[in-house]
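Worksheet: the structure to be examined is printed underneath.
The values are calculated or read from the model by the stated rules, or taken from the named source; none is laboratory data. Because the structure is predicted, anything quoted here is derived from the model rather than measured. No Cβ is skipped: glycine too gets one built from the backbone with ideal geometry, and neighbour counts run over all protein chains shown.
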Amino acid sequence: MQTGYKTTFWISCAIVLLLLLVPTLGSKYLIDLTTEILIYALFALSLNVLIGYSGNISFGHAAYFAIGGYSCAILLTTYELPLIISMPAAIILSGLAAAFVGYFCVKLTDIYFAMLTLAFGMLVWAVAFKWRAVTGGDDGFVGVNVPAFIDNRYGFFYFTLFVVTVSAALLWLICHSAFGRTLVAVRENRVRAGFVGVNTTRLRHTAFVVAGTFAGIAGSLFAMYNRGVYVESAFWTESGQVLIMALLGGLYSFFGPALGAAVLYTLQVGINQYTEYWPVVLGIILLIILMFLPDGIIGLAQKLRSQFSRKA
Amino acid sequence: METVLQTDQATKAFEGFVAINNVSIDLKKGEKHAIIGPNGAGKTTLFNLITGHLSLDSGSVSFEGKDITGTAPHRIVKLGLARSFQRINIYPRMTVFENVQVALIARDGRSFHLFTLGHSLNREESAELLELVGLSDEAEEMAGELAYGKQKQLELAISLASNPRVLLLDEPTAGMSPAETVEAIKLIEEITEARGLALLFTEHDMGVVFGISDRISVLHHGELIFSGPPDHVREDPEVRRVYLGQSHGAA
Amino acid sequence: MKRLIANSETKDKLGARTKVAVAGAAALSVALLSGMGSAGAADIKIGVLYPISGGGAIYGGPAMRGHDLAVEEINATGGVLGSKFVTVARDSKINPAAAAAAAKELITKEGVNVILGGLASSVGLAISEVARREEVIYIATIPKTIKLTTSKLHPYVFRTASNTDFEGDAMAQIVKKVNGKKLCDIQLDYAYGHDLGDGIAKALPKHAPGANIVMKLRPKLGATDFNAYITQIMGAGCETVVSGLWGNHFVNFAKQAAPFGFFKDHVYITGGEIASHEVASKLAGDYPDNVWSNTYELWYHSPTGAHKKFQARLAKKAGTNATAMWPVLAYNGVMLYKAAVEKAGSTDAAKVIKAMEGLTIDTPMGSLTVDAKSHQTNTGQFWGPMKKQSGEAYRRMEPVTFVPPPSK
Amino acid sequence: MLAIGVEAMSMLSNPTFLFYQFMNSISLGMNLFIIATGLTLILGVLRVINFAHGAFFMFGAYVCWSTVTFLGGAVGSFWLGVVAAAVVLGAMAFVIERGLLRYLYGREHLTQLLFTFAIVLIVGDVAKMIWGTDQYNVPYPHGLGGAVDFGFAKYPSYPLLLCVIGLVVAVGMWLALSKTRWGRIIRAATQDREMLAALGMNVPLVYTGVFVIGSALAGIGGALAAPRVAVSPGMDATIIIECFIIVIIGGLGSLWGSFLGALALGFVTMFGTVIFPDWELVLAYILMLGLLLWRPWGLFGHEEEEPH
């Protein structure tokens, strides 16, 4: 193993250990906040496979989050299936949906790709909105049955931590695999990658499916956490939100988006408590990042570190 | 000699403008074949047609006797035909080492291995290729930060990674200083000799063209007006008229 | 944990518009985590959720005013059981997901004793679900979906608002009054609209057996262009329209329908408090003819002396005599909780629930009794036609008729 | 609901109803076109997906209301309001483009996209700071609150006027784009941006101009919509998506493409509401997707050259 990988491994272990201790701090709110951040972190990490690693701007990523959420909620509640079936089925469904949509989207690039993903995302939103009998329409699907072992704050926290850790580890492996490395090459220069023998369309399609599947995992967790799914989860602004998270943390690093999710989510909840003008604060923060921190928080940290070491 | 690459009456038009018209050329095993012509003659288009980057309107392309018309670029590469580009075409935000490594991963068909760590794959061979093109010292640098000439060398290494039998080089010395050009040509000659590669290339530097080619073809307005040994090309009246007449003191 | 930023409660007050401060992210998150348990031990924390941004802010703003008025009055007279009421407000938007998240945060972080508010019915259902899980009392002051007190009823939810069955019943009575026969039903495509549609359909056989709904239309919540619906109603040949398009939806519908001569040919009976002064004054001269609607309160009509006093205090706070309808709803919610806590002698949820069941309080609108089983109060509304007033820019209800909830 | 669908179907054989629906479709389409044409112009030239276009639309409506109110609703005050909306939004766009957006052109699409997303958040709240959360009513302009009698049916005059304005904007834009030097430059820019610089054009000026004109059109669209809808926060919630649908259908930067796209969306929305009341919302997206699968670059769009 490379030394860099070793460091990552030990730091990750330390973070997971620290997270394991969160419930002992005695604050219900902190447990909830951490659970939410973990879910959004996974959502942002999944998007980064598409954006950071393969350079495709998806503006419809919330669709797979929502499909995972709705499927899991409906299978658990309407069909009363056990979690061990519902959740994997929901994840597979999100993956299949991504496979279907991705098939069309990866034929296009850049702005056209972004717009097509947006269109498909909004189609999912419109279906969820109108299919009232199944999804609850505009009122949302409220009252999800969850098994007893996660039907309490602590159980759900550990369950989420487990699922997110395993998922993040898998995503890390995928991003650092032969596939992940090739994906970066495709991001950097799609044409050149084609001329070294990479089927770039199929590669991007695979990335699309991976991203959609893991978004589905995050979505099903979110549905169970909230005991409900709402159409807003599929709306384009939700896709925009997770994009901002990824960008805030830093697209070109694996853990950047997770950090971005934590920071943005905390900020949003925080600002919301202090001012009704939270959108403008969020907007200004976003502007600052865009104008001055193109590589996000991680990028800034790296820059500072390299400057520091140069001086030293 | 055995023909490895051949176009047969290749034609391509863009919105009415005929860029390549009925061009039939071939490349023999081990041959160094230069394609020259004024700007806009269709050289790059021809390369794009051969490598599957653009689709033909009519005509065909065959490689080692196999019809590869309409085959996707990534498949053509796997058959043993690699190319470089006129404008720098590397992966700027990857290290020099990774640039080559990715090409080797693709060659070995491992691009879709989702759960194999990429880091440890093809390390030795990557190092060898970098050694070959003289970039060993820069292996861990970001490719985008290399000097121009070195980026060209890197591109050559990437092209070679797929173990091609035929190499298409589009303006390999474009933008280089005379000194760099000499270096680059020496490198290309050494490698093609050592690996027994057939070389099809375009080049604006007539010194290079006449220095290394076994054969020269001249494109003009998308049409092939001459194909033959270097010493004949200067005597061809058509070529003199459209091309060499405007050129200055070749060779 | 140390607190780095001043007591969050003082800043949370909506009335005082917090300046937009781009606080450092770190400071904010520390403050966020340290806000826990920052209220005085003796205070009773009231979590409030109204929309204060986006399309719902038109209603959320006035509602907050009524809420603040109630809390001020209670605290001015020494609070409850020796404790002061402290308000912790959040933005519910017209977004059930956001409201649910905010409700959860109010409970787990702020540790509120009760949650009041909600506007859209979908939001009410979402808050109610959180209240059920977290075992905190929720008093729905505005959402009217019947499900809140029927199929989705649980021990922790109460409602001081009217509901879609009451509203539907009152509308059926008006259908009878105007002798409506051929009805078109246009409702918004979410909980409130669907339930009001059902409420009307249920009540018609009772009050107006000769009336028939020939067409049902369901535009989406937030729709702005109603032309396709207007022409369909015209094409269907209804002479009476029953509806629950509220707020902007009604404004847009009315403005687009009027040039067709729509309101000359149709009697328009609608729930959604279109008779409230805020809608009447905003539409002013563009308010159409032949509209029958409802409101909880009218500043120009005082059924009780208590209302006169309440309205005067509200007018002072709002800076205008012509006050909005929403404040009284929020006000009554606070007052109900206060009475229940006093009766229970504790803020313990189980005890307060017990106290609230069957409790009767006096409000500016008369006495209000909580049904012990359904947790619904017997909230009635004013119903009547909206008439032009000489010398006034806006319409008023004339005559004003109080319609009590239907007897069982 | 099935029986009700049948009811609607039988209405479609009623010529008056059909006429209404036809006019509804066109007037909705034209109102959307006026807004979307600004978006497509920006997208075509700057290659920036301007999410803030919807917020600009809302801002335009507010400016119109303020103007009308300031002038006490005098005759002609509405039209001054439309002009004011164009001017204010143009000025805002100028500041945003010169002050901020300009520095992001060299960066990835994602950056620009998120930039406009940030502008959405800021502009929305600035509107709230200025106008609060009240809803406002802009009366129909004088003489346009009634209906035009076609003999067999009456149709409201204001939406009819919107149809005419839409057509005027379309033809005016077309003339400006094809007959003037500036127009030709902009048109060239939608097809090949590198050519602009090669021709020695002042590219930054072209970009600023296009952003200002496009945003002014959003403001005009908002002002023109104001008499038909309540001017209030949230009125911009869905307009941006409708504009995207139109632009995608028509092809980036194509004037007539967005004209046709707007009409198509108008018809699908109006007739979809009647024929498939349960799925009307889905139809618009299906229309767009169907078209994208058939022609990924829209009706009048141009295939992008490989980016190398």
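Overview of results
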item	result
The one condition in (1) assigned to a helix (DSSP H, G or I); (2) of a type in the set (A, V, I, L, M, F, W, C); (3) in contact with a strand residue (DSSP E or B) (Cβ under 7 Å, 6 or more places away or on another chain) that C:MET234 fails to fulfil	(3)
Residues of region A:264-289 that turn out to be under 17 Å from C:GLU105 (Cα atoms), surrounded by fewer than 21 Cβ atoms within 10 Å (Cβ to Cβ) and of a type in the set (A, V, I, L, M, F, W, C), as a count	1
Residue in region C:276-290 that is crowded, with 17+ Cβ neighbours inside 10 Å, hydrophobic (A, V, I, L, M, F, W, C) and within 25 Å of C:ILE213 (Cα to Cα) present	no
Residue check for C:TYR156: of a type in the set (Phe, Trp, Tyr), in contact with an Asp or Glu (Cβ under 7 Å, 6 or more places away or on another chain) and within 23 Å of C:ALA63 (Cβ to Cβ)	yes
From the options D:LYS179, D:LYS128, D:LYS154, residue that is within 24 Å of the chain's Cα centre (by Cα) and without any contact (Cβ under 8 Å) to a residue 12 or more places away in the chain	D:LYS179
Qualifying residues in region C:197-252 (those that are out of contact with any Pro (no Cβ under 9 Å at 6 or more places or on another chain) and in contact (Cβ under 8 Å) with a residue 60 or more places away in the chain) - the one farthest from the other protein chains (Cβ to nearest Cβ)	C:THR240
First in region D:277-299 and within 15 Å of D:ALA264 (Cβ to Cβ), second anywhere and at pLDDT below 80 and of a type in the set (Gly, Ala, Ser), Cβ under 8 Å, 6 or more apart	D:ARG295/D:GLY301
Close pairs from region A:129-151: first within 15 Å of C:LEU125 (Cα to Cα) and facing another protein chain (nearest Cβ under 7 Å), partner among the acidic types (Asp, Glu) and not in a helix (DSSP H, G or I), Cβ under 7 Å, at least 6 apart	A:GLY137/C:ASP189; A:ASP138/C:ASP189
Residues being among the aromatic types (Phe, Trp, Tyr) and under 21 Å from A:ILE244 (Cβ atoms) - total across region A:1-45	2
Qualifying positions in region C:392-408 - in contact with a helix residue (DSSP H, G or I) (Cβ under 6 Å, 6 or more places away or on another chain), among the aliphatic types (A, V, I, L, M) and surrounded by 16 or more Cβ atoms within 10 Å (Cβ to Cβ)	C:VAL403
Near pairs, Cβ below 6 angstrom, 6+ apart or cross-chain, from region C:91-109 (more than 7 Å from chain A (Cβ to nearest Cβ) and over 17 Å from C:ALA63 (Cα atoms)) to any residue that is assigned to a helix (DSSP H, G or I) and of a type in the set (Val, Ile, Thr)	C:ALA103/C:ILE127; C:ALA103/C:VAL130
Cross-chain or 6+ apart pairs with Cβ under 7 Å, region D:245-267 first and among the hydrophobic types (A, V, I, L, M, F, W, C), then outside any helix (DSSP H, G or I)	D:ILE248/D:GLY298; D:ILE249/D:GLY298; D:ILE249/D:LEU299; D:LEU252/D:GLY298; D:LEU252/D:GLY301; D:TRP256/D:PHE300; D:LEU260/D:LEU299
Out of A:LEU221, A:LEU203, A:LEU251, sole residue that is within 14 Å of chain D (Cβ to nearest Cβ), surrounded by 24 or more Cβ atoms within 10 Å (Cβ to Cβ) and in contact (Cβ under 8 Å) with a residue 24 or more places away in the chain	A:LEU251
Sole exception among (1) at pLDDT below 85; (2) away from chain D (no Cβ under 14 Å); (3) surrounded by 24 or more Cβ atoms within 10 Å (Cβ to Cβ) for A:ALA301, by number	(3)
Enumerated helices (runs of 4 or more DSSP H) restricted to region D:1-114, each holding at least 3 residues that are among the hydroxyl-bearing types (Ser, Thr, Tyr) and within 16 Å of the chain's Cα centre (by Cα)	D:15-46
Unique match (being more than 14 Å from chain D (Cβ to nearest Cβ) and without any contact (Cβ under 8 Å) to a residue 60 or more places away in the chain) among A:PHE292, A:PHE214, A:PHE195, A:PHE308	A:PHE308
Qualifying positions in region D:178-193 - hydrophobic (A, V, I, L, M, F, W, C) and surrounded by 18 or more Cβ atoms within 10 Å (Cβ to Cβ)	D:ILE185, D:ILE186, D:ALA189
The listed residue being closer than 23 Å to C:LYS182 by Cα and not in a loop (DSSP other than H, G, I, E, B), out of C:ALA280, C:ALA306, C:ALA258	C:ALA258
Members of region D:56-101 found to be in contact with a Gly (Cβ under 6 Å, 6 or more places away or on another chain) and without any contact (Cβ under 8 Å) to a residue 24 or more places away in the chain, listed by number	D:THR67
Members of region A:93-120 that are β-branched (Val, Ile, Thr) and either more than 19 Å from A:LEU203 (Cα to Cα) or facing chain D (nearest Cβ under 7 Å) (or both)	A:ILE111
Yes/no for A:TYR64 being in contact (Cβ under 8 Å) with a residue 60 or more places away in the chain and not small (Gly, Ala, Ser)	yes
Only listed residue being assigned to a loop (DSSP other than H, G, I, E, B), under 23 Å from D:HIS53 (Cα atoms) and among the small types (Gly, Ala, Ser), chosen from D:GLY234, D:GLY266, D:GLY209, D:GLY257	D:GLY234
Enumeration of residues in region B:86-110 that are at the interface with chain A (Cβ under 7 Å from one of its Cβ atoms), closer than 18 Å to B:ILE76 by Cβ and assigned to a loop (DSSP other than H, G, I, E, B)	B:ASN89
Filtered residues of region D:133-160 (kept if surrounded by fewer than 20 Cβ atoms within 10 Å (Cβ to Cβ), of a type outside the set (Ser, Thr, Tyr) and in a helix (DSSP H, G or I))	D:LEU160
In region D:65-120, residue farthest from A:TYR277 (Cα to Cα) [restricted to those that are more than 14 Å from chain A (Cβ to nearest Cβ) and polar (S, T, N, Q)]	D:SER77
Selected residue (criterion: nearest to the chain's Cα centre (by Cα)) from residues of region C:151-177 that are outside any helix (DSSP H, G or I) and without any contact (Cβ under 8 Å) to a residue 60 or more places away in the chain	C:LYS152
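For every residue, the table says whether it meets (1) within 14 Å of another protein chain (Cβ to nearest Cβ); (2) polar (S, T, N, Q); (3) crowded, with 19+ Cβ neighbours inside 10 Å.
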residue	(1), (2), (3)
B:LEU129	yes, no, yes
B:GLY134	no, no, no
B:PRO178	no, no, no
B:VAL182	no, no, no
B:LEU199	no, no, yes
B:ILE212	no, no, no
B:SER217	no, yes, yes
B:ARG234	no, no, no
